[in-house]
Amino acid sequence: MLAPTLRRPGQYLAPMTTPKILTPYEFPRTGTQVPNRTVLAAMTNKQSHADGSLGDDELEWLTARARGGFGIITTCAAHVSPDGQGWDGELGVFDDALLPGLTRLAGALREGGALSLVQIFHGGVRAPSRLTGQQPFSASTFELDAKDFEVPREATVDDIERTIAAFAAAARRCAEAGFDGVEIHGAHGYLITQFLGTVSNTRSDEWGGSLENRARFVRRIVAAVRGATPPGFLVGVRISPEVPDQGVDLDDSVTVAGWLASDGVDFVHVSNWDSFKAPTKYPGSEKPLTTWFREAMGPRTPMIATGAVWTPAEADLVLEQGADLVGLGRAAIGNDRWPLEAAEVDWEPARPPFTPEHLRAASLSDTMVDYMRRWPDFVTDGR
């Protein structure tokens, strides 16, 4: 079999049979079965309450996609401690008082026929003081030329240990609420990414310096979460291939993915942004990003890959590149029944710009529609 190579839009052939993306999958360690290989990727939606409790609009946004046939539903990034909140209206998993809403959500997703994951995270430098009431902390103090950037203080060892414990306690709550697993958010510039990067982490202790030391934080979180949850509970990690402004490098990221696979995670979720573009570090490479990670992880560890997938044929191509499941982000916003409709011959998903009416019909509240207006050319009356 030839090695996968990059293909561009317009080079995808319509499938002649049922797309592989719509076939069942089983997680090997737990035997957990998924009706198909589609994953609603975690997306900020700002539809829960200021205290972190579940909002009805967030419940409807997620359960509509369970009813629409998605095999796995992932919540938004949910903060594991009050000092880690990244966004207004963000779901929280930091207190047992939040369990009633979490239990309600897990039950509704189960009734909808989907496997459920909570994405758990800490914002680090991306947890603004206007939400947390305190200066953000990160692996180190550093500066970025970014809007509203707040220079963080360097995390103390107590901060680090306390945050690891908060991830474990949050995962325990998710299991108690009835979710099938958690996705530890190590991508997109949040706290775990900040520990992995050479710009954001200039520490000289056991939490910084070598890649092994910089990866200690995420690996300790994985071990703590595993120890706090039942044997059949799924534990995975989402990572970014490259985050240049924080010093996250592709070669380092694939190495970390290999270590996580060796540590026995149930999946690694590779957040490609665009699965059909060459890496920034190797712009002339024809090897897809997904394939870089599959080669590093070996054949056994399940992989989710997300990034610029709109059609069933594109999803099948990402599976060919080495993924086991495919995350859908923007395509799932305006196409809440993507998996059900993808089974139809010659089906094409709706694409942006979307009218506000289309998005409301796809179970987005006015709050989420307004947030979508920040994305260029996504909403007809946006920017």
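The values are calculated or read from the model by the stated rules, or taken from the named source; none is laboratory data. What you are looking at is a predicted structure, and each value in this text was computed from that prediction instead of being measured. Positions of Cβ are backbone-derived with ideal geometry, glycine not excepted, and every protein chain shown enters the neighbour counts.
Listed here are the residues, each with its yes/no results for (1) crowded, with 19+ Cβ neighbours inside 10 Å; (2) of a type in the set (Asp, Glu); (3) closer than 27 Å to Arg126 by Cβ.
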position	(1), (2), (3)
Val222	yes, no, yes
Val225	yes, no, yes
Pro230	no, no, no
Arg238	yes, no, yes
Leu260	yes, no, yes
Ser275	yes, no, yes
Asp316	yes, yes, no
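Residue check: Ala78 meets all listed conditions (1) touching a residue at least 60 places away in the same chain (Cβ under 8 Å); (2) within 30 Å of Arg130 (Cα to Cα); (3) part of a loop (DSSP other than H, G, I, E, B) but one, namely (3).
Among helices (runs of 4 or more DSSP H) entirely within the range 262-379, having at least 2 residues that are in contact (Cβ under 8 Å) with a residue 24 or more places away in the chain and in contact with a strand residue (DSSP E or B) (Cβ under 9 Å, 6 or more places away or on another chain) singles out 289-297, 312-320, 330-333, 338-342, 356-361. Within the set Gly197, Gly208, the sole residue that is over 26 Å from Gly327 (Cα atoms) and buried (at least 19 other Cβ atoms within 10 Å of the Cβ) turns out to be Gly208. Can you find even one residue in the range 126-136 that is part of a strand (DSSP E or B), modelled with pLDDT of 95 or more and closer than 17 Å to Gly186 by Cβ? No, the range 126-136 contains no residue that is part of a strand (DSSP E or B), modelled with pLDDT of 95 or more and closer than 17 Å to Gly186 by Cβ. When the range 137-158 is limited to residues that are in contact (Cβ under 8 Å) with a residue 24 or more places away in the chain and not in a loop (DSSP other than H, G, I, E, B), the one that is nearest to the chain's Cα centre (by Cα) turns out to be Ser138.
Tallying residues that are touching a strand residue (DSSP E or B) at 6+ places or on another chain (Cβ under 7 Å) and either basic (Lys, Arg) or not assigned by TED's automatic domain parsing to the domain that holds Arg110 (or both) within the range 145-192 yields 1.
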